[in-house]
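*Asks:* Structure in structure tokens, see below.
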């Protein structure tokens, strides 16, 4: 399943990579969020995909939920329109997911499209304030992630989910719209007792930050807002009360990295760029505050198989270091 919004050429390459999949039967569903570049028509005409058309951009979460509802299979694979899958990708995901019934999610080996010797992500890690990031992000691929193993959750750009799990816990939280939505779904699934495994045989190449751009203030606002919403909805109270401390610690680490031109702040150069960061973070926090009452209501409805202590242990076991998150 592919969600698309005005990325015709990226979508064409993505769908062409799906056509090359081997040793697996599947249907291709494209959910188009009101594109005006002809990409929806191209997906139907050139690839015979099932296309669900929205009149406007409903966001990544709502579009995925539409595709999940329309899917006929027991396993559902998501692939970003800015990613291209190697021919064994789907078969490898299905093999890993089918090995044990408690596995509800499978993570791919995601490489940087422009530099396939470098890792984009191989599953996810999280900082105790809710900021999450791809495991191994930016590292050279030297075989250090070439074994199948448990990870916290998969990155939604290239992942497989068991339909039974989604029927049990629900799909993507549409209040998240985009960014951090895969983290919310993944952690909610882990809290419900489902497992996640990473398989290095499922390889994709990903254009990083092509949806809004890595230097987008709107992207940063959504990431910050959804970091807070994730914590409010799913974190144990023992971690949630420490959230402001960890947040300040992470910001301080980011400021130190900025002095050497490193870290994510490098995408926002100069004083003007730093003011844009501050404005986006503040806007994200204010938006999260507005949605907090709704998240607290959803918190009470979360299906729980793990205790608060077990959730805390899970998050700290898969914790990002301060240097990694900065």
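*Asks:* Which log10 I(q)/I(0) values does region 217-325 give at q = 0.15, 0.20, 0.23 Å⁻¹ under the Debye formula, counting every alpha carbon as one identical point scatterer?
*Replies:* -0.74, -1.14, -1.33
*Asks:* Return the distance in nm (one decimal) between the two label points of a simple spin-label model at residue 53 and residue 24, each offset 7 Å from Cα along Cα→Cβ.
*Replies:* 2.9
*Asks:* Also: Counting pairs of alpha carbon atoms under 8 Å apart in space and at least six apart in sequence, what relative contact order in percent does region 77-196 give?
*Replies:* 31
*Asks:* Give the order of 35, 137, 238 when sorted by the count of other beta carbons within 10 angstrom, beginning with the fewest.
*Replies:* Lowest count first: 238, 137, 35.
*Asks:* Starting from the 7 Å offset along Cα-to-Cβ, what nm value, one decimal, do you get for the label separation of residue 303 and residue 13?
*Replies:* In this crude label model, residue 303 to residue 13 measures out at 3.8 nm.
*Asks:* If you don't mind, another one. Given just the C-alpha atoms of region 1-98, how large is their convex hull per residue in cubic angstrom?
*Replies:* 86
*Asks:* Ok, one more. How would you rank 142, 8, 298, 233, going from fewest to most other Cβ atoms within 10 Å of each one's own Cβ?
*Replies:* The most exposed by this proxy come first: 142, 8, 298, 233.
*Asks:* Out of (1) 26; (2) 36; (3) 19, which label holds the value of percent of Cα pairs over 34 Å apart that was computed here?
*Replies:* Of the listed options (1) 26; (2) 36; (3) 19, (3) comes from this structure.
*Asks:* When the helix-only estimate is applied to the chain (DSSP H runs of n ≥ 4, each -39,500 (n - 2.57), divided by the residue count), what is the mean residue ellipticity at 222 nm, nearest 500 deg cm²/dmol?
*Replies:* Mean residue ellipticity at 222 nm (helix-derived): -13500 deg cm²/dmol.
*Asks:* Quote the FRET efficiency, to the nearest 0.05, computed for residue 168 versus residue 324 with a Förster distance R0 of 25 Å and r equal to the Cβ-Cβ distance.
*Replies:* 0.20
*Asks:* With springs only between Cα atoms under 10 Å apart, run a GNM on the chain and tell me which of 37, 155, 129 wobbles the most.
*Replies:* Among 37, 155, 129, the largest GNM mean-square fluctuation belongs to 37.
*Asks:* So for region 72-204, what percent of the C-alpha to C-alpha distances run longer than 22 Å?
*Replies:* Counting every Cα pair in region 72-204, those more than 22 Å apart make up 30 percent.
*Asks:* Of all DSSP beta bridges located in the chain, what percent are antiparallel, nearest 5?
*Replies:* Close to 55 percent.
*Asks:* Something else about it: List 86, 46 from most exposed to least, where exposure is judged by having the fewest other Cβ atoms within 10 Å.
*Replies:* Ranked by crowding around the Cβ, least crowded first: 46, 86.
*Asks:* What full-extension length gain, to one decimal in nm, is calculated for residue 251 and residue 289 as 0.36 nm per residue of separation minus the Cα-Cα distance?
*Replies:* Gain on extension, residue 251 to residue 289, equals 11.8 nm.
*Asks:* Would you mind getting me the FRET efficiency between residue 241 and residue 100? Use the beta-carbon distance for r and R0 = 41 Å, nearest 0.05.
*Replies:* 0.70
Quick note: the coordinates plus some simple rules give every number you see, no bench work behind them. Only a predicted model underlies this, so the values are computations on that prediction, with no experimental measurement involved. All Cβ positions, glycine included, derive from the backbone under ideal geometry; neighbour counts span all protein chains shown.
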